[in-house]
Amino acid sequence: MASRSVSTSSALAGTFGESIAEFFGTMVLILFGDGCVATFALFNKISPVPFANNWVVIMLGWGLAVMLGIYVAGAISGAHLNPAVTLGLAATRRFAWSKVIPYIVAQVLGAFVAAAILYFVYQGAISNALGGVALSASNVSQVGGVFYTSPKPFVGVFGAFGDEFLGTALLVGLILAIIDGRNQPVQANLNPLIIGFLIVAIGASFGLNTGYAINPARDFGPRLWMTIAGGGLGSLNGYTWIPIVAPLVGGVAGAFIYDYTIGKVLAAKNLGKSGDAETLGEAVREPSVN
């Protein structure tokens, strides 16, 4: 059988294909992530399911969700799955600015579609939680937590912003540490697993103040869906800007802090790639942009 060559001029070989990967990677992330939140929020009062009221369901669920999303898109787009990661990489010249908008649009759309799917899959449980009443701006708060984040009543604006900022700075800074070939890199395609553990650690340490969005697409895409589905301004409320702005600023800060601390030390020591590490397939993969 004659072999067929693959044309690299195809749109799928460029930014369009990478955006498709970001869409599906983010969709998988939200399906599993918000799916575990649905288990936690919609079933935790049902006595035969005692594990559902345990915060570990959220931490492990989101960690596994991120891992699986990265495995879906990692070799194609670098599996950012998060506008804060995309912006942090672009700000530190690891990623082309021309790709930032397509990636972010794909991420938000992936999260939006995933939320719509979950809404219909869990329609019975949502209706039960609402007491059979139709979703509206007045009752969306009863089920909105399945889809998007919110702070505890005693957490103010400064605390919520700081929690999301710090959580995302740690996320992006530690992703750079994990994938840096000069810094004991994870090998054997285990980057997604280790980054999943990082999400678990952030959830254990900084998760309860706000629900740790640490990802604008993860929060805004599902929030937008719930607005269209009937939640109205109850979904797009005064808190909406915090899980968008704080992660974006935190992601950029985390990337620069890594570059001007650990990154500078690694460069000063003239360290090359550790052992025979191969970074072409790393979880976040982009050549430097000049």
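Sort the following peptides by mean Cβ neighbour count (other Cβ atoms within 10 Å, averaged over residues), highest first: 10-16, 229-235, 121-127, 85-91.
Sorting 10-16, 229-235, 121-127, 85-91 by mean packing, highest first, produces 85-91, 229-235, 121-127, 10-16.
Can you give the extra length, in nm with one decimal, that the chain gains between residue 75 and residue 127 once fully stretched, where that is 0.36 nm per residue apart less the Cα-Cα distance?
14.8 nm
Looking at the chain, do any whole DSSP H helices span at least 24 angstrom along their long axis by alpha carbon and average -1.0 or above on Kyte-Doolittle, and which?
Result, helices passing both filters: 15-43, 55-77, 100-121, 157-179, 242-259.
Just one of (1) 1.00; (2) 1.10; (3) 0.97 is Rg/Rh (Cα atoms, Kirkwood Rh) calculated from these coordinates, so which is it?
Derived directly from the coordinates: (1).
In the chain, with Lys and Arg counted as +1 and Asp and Glu as -1 at Cβ, which of these residues, 230, 134, 254, has the Cα nearest the positive end of the dipole, that is, farthest along it?
254
How high is the FRET efficiency between residue 44 and residue 241 when r is their beta carbon distance and R₀ equals 41 Å, given to the nearest 0.05?
Taking R0 as 41 Å, the efficiency between residue 44 and residue 241 is 0.90.
So what is the relative contact order for the stretch 12-268, in percent, with contacts set as C-alpha pairs under 8 Å and at least six apart?
Details: 436 pairs, mean separation 71.5, N = 257.
About 28 percent, as a whole number.
How many angstrom lie between the C-alpha centres of the stretch 141-213 and the stretch 61-128?
Distance between centres, Cα-based: 14 Å.
Pull out the extension gain between residue 117 and residue 54, defined as 0.36 nm times the separation in residues minus the alpha carbon to alpha carbon distance; nm, one decimal. Don't skip to the answer; put the middle values down first.
On the way: separation 63, 0.36 × 63 = 22.68 nm, distance 2.44 nm.
Stretched out fully, the residue 117 to residue 54 stretch lengthens by 20.2 nm.
Applying 1/(1 + (r/R0)^6) with R0 = 30 Å to the Cβ-Cβ distance of residue 141 and residue 257, what FRET efficiency is obtained, to the nearest 0.05?
In this case the efficiency is close to 0.25.
Over the stretch 87-209, what relative contact order in percent results from Cα pairs under 8 Å that are six or more residues apart?
18 percent
Would you mind computing, in nm to one decimal, how far apart the modelled labels at residue 12 and residue 189 are, each placed 7 Å from Cα along Cα→Cβ?
If labels sit at residue 12 and residue 189, their model points lie 1.9 nm apart.
Where a number appears in this text, it was derived from the coordinates with a stated rule and is not lab data. Values in this document were obtained by computation on a predicted structure and should not be read as measured data. As a convention, Cβ positions derive from the backbone with ideal geometry for all residues, glycine included, and neighbour counts pool all protein chains shown.
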